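The values are calculated or read from the model by the stated rules, or taken from the named source; none is laboratory data. Because the structure is a prediction, the values reported are computed rather than measured. FYI the Cβ positions are ideal-geometry reconstructions off the backbone, even for glycines, and counts take in every protein chain you see. Note: areas computed on protein heavy atoms with side chains; ligands, DNA, RNA excluded. Shrake-Rupley method; radii C 1.70, N 1.55, O 1.52, S 1.80 Å.
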Amino acid sequence: MTTPIWLKDEPWLAKWLGWFLGKLENRDGEPSPRAITRRIKKSTLPALYDFNEDTQGRWQLLQQVARDHCIFKIVLDNKRSAFQEPYENAQCRLNPDCEPLLREWLNRPKQDPVAQAWQQAINEHAASFTDNGEALLNQRPQIPGLTPAEIVSAFANVEGHLNQNLTLREIAARCFNGDSKALDNRFELLLKLYGDNANGIQPRPLLLTAWAPPGFSKLLIVENQDSFLRLVENSPEDYALLYSGGFRASATRLSSEHTRFAFLPGSDPERFKALFINMGLDEQTECHFWGDLDFAGMGILKALRNSLPNLQAWQPGYQPMLEILNTGGGHTPQQTRKTAQTDPGTTGCPYTDSTLLPALRQTNSALDQEAIQIP
């Protein structure tokens, strides 16, 4: 149904119906026990009191709309005098079920209150953004506890911290009520909002702990802290040890200028740095990885090979874990909330691809590296 012709010809009626629709919109979709009513008076419906016009015809049209379309119920005032118009002080009680019909007649589609809140907030800060806030409107990033207005205001405050030699975490903490992680994984959004100015944000250094005993020539990267420290106590011969912190070491190239190393006492930092720079470039340099025997651990190995193409799974660690798995040991992904882990497919490490990954798929079990201790 399109807008009725009679409604186009009677702007007073469109205004009257629009008042009721406005009251519905002010409820923001929340139900209310109170009916929406309005009394006919000269101040509320002056078109029925302009006696130079056909007021009786207008009154009949209003009654017809109420009767034929059930828009509202008209209750006459029995206390009016005989000299007053029949519609004087009559009450119109809206039927809320007619909201879709009113919207169609008045060409006022229902608005999403959340979208309206975002649009209003962005309009207030549009000048702060290179794209006038379009990326925020498209993505509407959700931050628990903050309204759209507060989120947009916080993003607008980022502008004052660009090119101040700050990291993303530092800027987030200053703009989002001390929440340093609010901008994690949102650098691309900042690029859209601020263009090249976002490139002034300093990369966050990757901090890794290492044990580099004098005379080592090989590297072993260990996924978990407890296993790393156990190996420090009884270091495999000729190995330096690096604690990867799960996926943390695979987040960037290990030889990046933004990587920082903290060395345990007794280490030879200079030898470590000298050999480490060449690792992955010199195929003669042995480097291995040992972590959990699960798909995530194999995924870390695969990611680390982007920095160290000659990286291999460390068989002295994985072989005893594999034996436990093949004899019915280990745990299922459901038991340890690992169901979201993704099979990496192939890693490029022959031992992993031919032995470890097939065992994981066949047994549908996994084993954390802390389950064993290397002699």
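Quick notes on this structure:
- Scanning region 191-209 for residues that are among the aliphatic types (A, V, I, L, M) and either without any contact (Cβ under 8 Å) to a residue 40 or more places away in the chain or open to solvent by less than 60 Å² (accessible area, probe 1.4 Å) (or both) turns up Leu191, Leu193, Ala198, Ile201, Leu206, Leu208.
- Leu356 in contact with an Asp or Glu (Cβ under 8 Å, 6 or more places away or on another chain), part of a helix (DSSP H, G or I) and either buried (at least 19 other Cβ atoms within 10 Å of the Cβ) or on the phi < 0 side of the Ramachandran plot (or both): no
- Members of region 156-204 found to be within 19 Å of Glu134 (Cα to Cα) and among the hydroxyl-bearing types (Ser, Thr, Tyr), listed by number: Tyr194
- Some residue of region 83-93 being open to solvent by 70 Å² or more (accessible area, probe 1.4 Å) and more than 46 Å from the chain's Cα centre (by Cα): yes
- For region 292-311, filtering for residues that are open to solvent by 40 Å² or more (accessible area, probe 1.4 Å) and in contact (Cβ under 8 Å) with a residue 40 or more places away in the chain leaves 4.
- Members of region 210-237 that are surrounded by fewer than 19 Cβ atoms within 10 Å (Cβ to Cβ) and either assigned to a strand (DSSP E or B) or not acidic (Asp, Glu) (or both): Pro213, Pro214, Gly215, Ser217, Lys218, Gln225, Leu229, Arg230, Val232, Asn234, Ser235, Pro236
- In the condition set (1) open to solvent by 90 Å² or more (accessible area, probe 1.4 Å); (2) within 16 Å of Trp19 (Cα to Cα); (3) not acidic (Asp, Glu), Thr37 is compliant with all but (1).
- Residue match in region 281-291 (condition: in contact with a Gly (Cβ under 9 Å, 6 or more places away or on another chain), in a loop (DSSP other than H, G, I, E, B) and in contact (Cβ under 8 Å) with a residue 24 or more places away in the chain): yes
- Hits in region 169-190 - residues which are open to solvent by less than 60 Å² (accessible area, probe 1.4 Å), free of Cβ contacts under 8 Å to residues at least 12 places away in the same chain and outside any helix (DSSP H, G or I): Gly178, Ser180
- Subset of region 238-260 [at pLDDT 90 or above and open to solvent by 50 Å² or more (accessible area, probe 1.4 Å)]: Asp238
- Residues of region 154-168 satisfying the condition of being in a helix (DSSP H, G or I), out of contact with any Asp or Glu (no Cβ under 8 Å at 6 or more places or on another chain) and in contact (Cβ under 8 Å) with a residue 24 or more places away in the chain: Ala154, Phe155, Ala156, Val158, Glu159
- The test for being over 30 Å from Val114 (Cβ atoms), of a type outside the set (Ser, Thr, Tyr), in contact with a helix residue (DSSP H, G or I) (Cβ under 6 Å, 6 or more places away or on another chain) and in contact (Cβ under 8 Å) with a residue 60 or more places away in the chain does not hold for Leu48.
- Single match in Leu7, Leu13, Leu17, Leu61 (criterion: closer than 27 Å to Ala117 by Cα, aliphatic (A, V, I, L, M) and either in a helix (DSSP H, G or I) or at pLDDT below 90 (or both)): Leu17
- Arg103 vs. criteria open to solvent by less than 90 Å² (accessible area, probe 1.4 Å), within 30 Å of Ile5 (Cα to Cα) and assigned to a helix (DSSP H, G or I): yes
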